[in-house]
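In what follows, a structure is listed as structure tokens, so that the remarks can point back to it.
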Amino acid sequence: VQLQAFGGGFVQAGGSLRLSCAASGRTVSTYNMGWFRQAPGKEREFVAVIRWNDGSTYYANSVKGRFTISRDNAKNTVYLQMNSLEPEDTAVYYCAASGSSRRPPLKDEYRYWGQGTQVTVSS
């Protein structure tokens, strides 16, 4: 599976962005698809995941209520709609695919990773 994330950019606090993750190879409908982010000097952290079988979703507490993960199986693409962005959301965002049945999968259980897209939120 090859993943390509795009849609990042520069936005003011309170604004919105939608990230996309296009997959090639196996379809997103057969993997748990997640989003992670990594800010400068920090570890990569979990943001959200959508399960392949039932579409259930899980979010980090820091983004719950502001971010929404979704997928379009026909387009083999996963999205992350980010609203009410805060400067603390500034990071490189990565999409990843996991075959784990854990709810949600651990970071080490993601086998495939995209290249990342930069999101910068100004105050």
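The values are calculated or read from the model by the stated rules, or taken from the named source; none is laboratory data. None of these values were measured; they are calculated from a predicted model. Neighbour counts are summed over all protein chains in view; Cβ atoms, including those assigned to glycine, are modelled from backbone coordinates with ideal geometry. For accessibility, only protein heavy atoms count, side chains too; no ligands or nucleic acids. Shrake-Rupley method; radii C 1.70, N 1.55, O 1.52, S 1.80 Å.
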Of Y59, Y31, which residue is surrounded by 13 or more Cβ atoms within 10 Å (Cβ to Cβ), within 14 Å of the chain's Cα centre (by Cα), among the hydroxyl-bearing types (S, T, Y) and at pLDDT 95 or above? Y59
Could you please find all residues in segment 64-76 being open to solvent by less than 40 Å² (accessible area, probe 1.4 Å) and either of a type in the set (A, V, I, L, M, F, W, C) or farther than 17 Å from F36 by Cβ (or both)? F67, I69, N76
It is to be established whether one or more residues within segment 54-71 are within 21 Å of P40 (Cβ to Cβ), touching an Asp or Glu at 6+ places or on another chain (Cβ under 8 Å), of a type in the set (S, T, Y) and in contact (Cβ under 8 Å) with a residue 24 or more places away in the chain. yes
What are the residues in segment 34-56 that are open to solvent by less than 60 Å² (accessible area, probe 1.4 Å) and within 11 Å of the chain's Cα centre (by Cα), if any? G34, W35, F36, R37, F46, V47, A48, V49, I50
Consider only pairs whose beta carbons are under 7 Å apart and that are at least six residues apart or on different chains; among these, list those whose first residue lies in segment 99-123 and is over 17 Å from Y58 (Cα atoms) and whose second residue is in a loop (DSSP other than H, G, I, E, B) and aliphatic (A, V, I, L, M). Y112/V1; V121/A13; V121/L85; S122/A13; S123/A13
Out of segment 5-28, which residues are of a type outside the set (A, V, I, L, M) and at pLDDT 95 or above? F6, G7, G8, G9, F10, Q12, G14, G15, S16, R18, S20, C21
Among the residues of segment 80-123, which ones are of a type in the set (S, T, N, Q) and buried (at least 18 other Cβ atoms within 10 Å of the Cβ)? T90, S98, T117
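Just to be sure, is T77 modelled with pLDDT under 95 and within 13 Å of the chain's Cα centre (by Cα)?
Considered against the rule, which asks whether it is modelled with pLDDT under 95 and within 13 Å of the chain's Cα centre (by Cα), T77 comes out as yes.
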